[in-house]
Amino acid sequence: MISILPENPAVHAPAIEALYDRTFGPGHFAKTAERLREGSASLPDCSRVAVEAGRVVGACRIWPVEIGDPATPAVFVGPLAVDEAHRGKSLGHDLVQATLKACHAQGWQLALIIGAPAYFEPLGFSRVPAGRIKLPGPQDPDRILIQSFGATAPDVHGQVRVPASRRHVV
Ligand SMILES: CC(C)(COP(=O)(O)OP(=O)(O)OC[C@H]1O[C@@H](n2cnc3c(N)ncnc32)[C@H](O)[C@@H]1OP(=O)(O)O)[C@@H](O)C(=O)NCCC(=O)NCCS
């Protein structure tokens, strides 16, 4: 049986890092998305792991960011990874849904992800019109997706960055 749990960093972090390493390889850290994670810290209460018999078989982390000026707080979703042996069983979708539910419950109003629209649109994400949201590096605009938990989507635009209050020296 697979359980989806909040991340407990002391227990899950090494296995999550190992899953990310074997899923994405070393090139992972060169990606623009990583510029929104380095020097920051994820939100374990909102992040989720899929665990089977004590083994991490899927993970989706959540990071605090802000967009534009004045700053609109948002969560940055990902990386999402499911162990190869467990793909095609809806685990990826279940993990993202569980993180979004946790983010909403914790008062977050907006979620941002960089990913395949075909995969994330069924989960409530929509493409951001080209040029509205700027990332700290090159990015295919078709993969910048956003979701508002409110009734109406906010008119959010501008630079995405790690909030100054969350930055730490690494
Ligand atoms: C992408 C990934 C997380 C999907 O995990 P998964 O548990 O196999 O996905 P699910 O079973 O939840 O798939 C749900 C649906 O999305 C479809 N789907 C799966 N991967 C897809 C992709 N890359 N693009 C578009 N659709 C996809 C599935 O066919 C399924 O469709 P269905 O509901 O009509 O059957 C997994 O393949 C993975 O870890 N890939 C490598 C890392 C990666 O690319 N992460 C995403 C970017 S951060």
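The values are calculated or read from the model by the stated rules, or taken from the named source; none is laboratory data. The shown structure was predicted, so the numbers you read here are calculated from the model rather than taken from an experiment. Neighbour counts run over all protein chains shown; Cβ positions are idealised from the backbone, glycine included.
Condition first: among the aliphatic types (A, V, I, L, M), without any contact (Cβ under 8 Å) to a residue 40 or more places away in the chain and assigned to a helix (DSSP H, G or I). Now tell me which residues in segment 12-63 satisfy that. The answer is Ala13, Ala18, Ala30.
Whether a residue is assigned to a helix (DSSP H, G or I) and not hydrophobic (A, V, I, L, M, F, W, C) was assessed, and Pro122 passes this test. Only one entry in Gly131, Gly68 is more than 16 Å from the ligand (Cβ to nearest atom), touching a residue at least 60 places away in the same chain (Cβ under 8 Å) and touching a His at 6+ places or on another chain (Cβ under 9 Å), namely Gly68. Condition check for Lys89 on (1) of a type outside the set (Gly, Ala, Ser); (2) at pLDDT below 95; (3) under 16 Å from Val51 (Cα atoms): one failure, at (2). Within segment 123-133, being under 19 Å from Leu95 (Cα atoms) and exposed (fewer than 10 other Cβ atoms within 10 Å of the Cβ) holds for no residue.
Residues of segment 134-159 that are more than 16 Å from the ligand (Cβ to nearest atom), aliphatic (A, V, I, L, M) and surrounded by 15 or more Cβ atoms within 10 Å (Cβ to Cβ): Val156 alone. Considering every residue within segment 113-127, establish whether at least one is touching a strand residue (DSSP E or B) at 6+ places or on another chain (Cβ under 9 Å) and either of a type in the set (D, E, K, R) or closer than 19 Å to Pro14 by Cα (or both). Among the residues of segment 113-127, at least one is touching a strand residue (DSSP E or B) at 6+ places or on another chain (Cβ under 9 Å) and either of a type in the set (D, E, K, R) or closer than 19 Å to Pro14 by Cα (or both), which makes the answer yes. Restricting segment 20-40 to residues that are within 10 Å of the ligand (Cβ to nearest atom) and within 15 Å of the chain's Cα centre (by Cα), the residue that is surrounded by the most Cβ atoms within 10 Å (Cβ to Cβ) is Ala33. Take the conditions (1) over 24 Å from Trp108 (Cβ atoms); (2) surrounded by fewer than 16 Cβ atoms within 10 Å (Cβ to Cβ); Ala15 misses just one of them, which is (2).
For residues that are hydroxyl-bearing (Ser, Thr, Tyr) and in a loop (DSSP other than H, G, I, E, B), tally how many sit in segment 78-119. Break it down stepwise before answering.
Applying the first criterion (hydroxyl-bearing (Ser, Thr, Tyr)) to segment 78-119 yields 90, 99, 119.
Narrowing the set further to residues that are in a loop (DSSP other than H, G, I, E, B) leaves 90.
The number of residues fulfilling the criteria is 1.
Filtering segment 148-160 for residues that are hydrophobic (A, V, I, L, M, F, W, C) and touching a His at 6+ places or on another chain (Cβ under 6 Å) leaves a non-empty set. If only residues of segment 136-154 that are closer than 22 Å to Ala105 by Cα and assigned to a loop (DSSP other than H, G, I, E, B) are counted, the one that is nearest to the chain's Cα centre (by Cα) is Phe149. The residue of segment 99-118 that is nearest to Ile133 (Cα to Cα), among those that are within 12 Å of the ligand (Cβ to nearest atom) and of a type in the set (Gly, Ala, Ser), is Gly115.
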